[in-house]
Amino acid sequence: MSDISLDFTELFLGAGIALAVALLGTPLLWRMAVPLVRRRRALLANLACLGLAGLIALPFSLQPTLEEAAIFALLFSATMQGILLLVLLIAVPKRPGA
């Protein structure tokens, strides 16, 4: 018999952190950066969310069983923020006078 077992805890934890940051952090940071030009605003919101995902995942990755949680959180967050960057630049209407 084989005693191989798969543990996807790190994967799910990283995906959950990235999803939470994308859903909650991106709109919040988008609204906080109102005085900036649209491209800089989108870039600032996305880079800040990428850093936020890394900071949130850091305490989890210090636990012995969850070493890869930060890596998965950053990978998923980078993917989501890349998609959101395109959405913020293309789909969000411009402000009047900007």
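Tabulated values for the structure
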item	result
GNM flexibility winner over the chain from L11, L62, L47 (Cα, springs under 10 Å)	L62
Around L89: net Lys/Arg minus Asp/Glu count, Cβ-Cβ under 9 Å	+2
Alpha-carbon centroids, the range 48-78 and the range 12-40: separation in whole Å	16
Estimated vicinal HN-Hα couplings, Hz - the range 32-46 in sequence order (Karplus 6.51, -1.76, 1.60; Gly, Pro = x)	6, 9, 4, x, 7, 5, 4, 5, 5, 4, 5, 5, 4, 4, 6
Rg(Cα) / (2.2 N^0.38 Å) computed for the chain, rounded to two decimals	1.31
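Bear in mind that the values in this text are calculations on the coordinates, not laboratory data. Here the structure is a predicted model, which means the values were calculated and not measured. Because the Cβ atoms are built from the backbone with ideal geometry, glycine has one as well, and the counts that use them run over all protein chains shown.
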